[in-house]
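The values are calculated or read from the model by the stated rules, or taken from the named source; none is laboratory data. Everything quoted here is computed from the prediction, not taken from an experiment. All Cβ positions, glycine included, derive from the backbone under ideal geometry; neighbour counts span all protein chains shown.
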Amino acid sequence: MPAEPAHRLQLTLKRPLLSWMAKPTVVVAGRGQPAQWGVGTWQLPDETERVGASGVLEVFIFNRLWRYGAAAHIFAETPAAALVYTPPLLPFLPGRLREEKQR
């Protein structure tokens, strides 16, 4: 029996106006992964693994001294096809992670 294809999520990471060489980090199913600014795709855990911390996608910015702009999205029964991360204007504010509107 062939395995179901893994669900993939398109994630757009917008660069902050003043980034000071900051890099985004994406945490999927508890595993942190360095990322690049722009559009990328991420493989999500299957439905049996979406429990507790595994059912959360987090994004934050790290600039060699501290992390800031944290935002999280909890997976639903049917995960979103695309998310957009918007960084905060000031480094002590949270970021925003929302579903992208389909055209």
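Values computed for the structure shown
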| read-out | value |
| --- | --- |
| Inter-residue pairs, beta-carbon under 9 Å, first more than 17 Å from R8 (Cα to Cα) and in the range 18-47, second surrounded by fewer than 12 Cβ atoms within 10 Å (Cβ to Cβ) and among the polar types (S, T, N, Q), 6+ apart | K23/Q36; P24/Q36; T25/Q33 |
| Condition met for Q36 (in contact with a Leu (Cβ under 8 Å, 6 or more places away or on another chain), modelled with pLDDT of 90 or more and in a loop (DSSP other than H, G, I, E, B)) | yes |
| Test: residue in the range 85-98 that is assigned to a loop (DSSP other than H, G, I, E, B), modelled with pLDDT under 90, surrounded by 16 or more Cβ atoms within 10 Å (Cβ to Cβ) and among the small types (G, A, S) | no |
| Qualifying residue in the range 11-24 (condition: farther than 15 Å from E100 by Cα, at pLDDT 90 or above and within 11 Å of the chain's Cα centre (by Cα)) | yes |
| Total residues in the range 59-84, condition modelled with pLDDT of 90 or more, out of contact with any Leu (no Cβ under 7 Å at 6 or more places or on another chain), surrounded by fewer than 19 Cβ atoms within 10 Å (Cβ to Cβ) and closer than 15 Å to G30 by Cα | 1 |
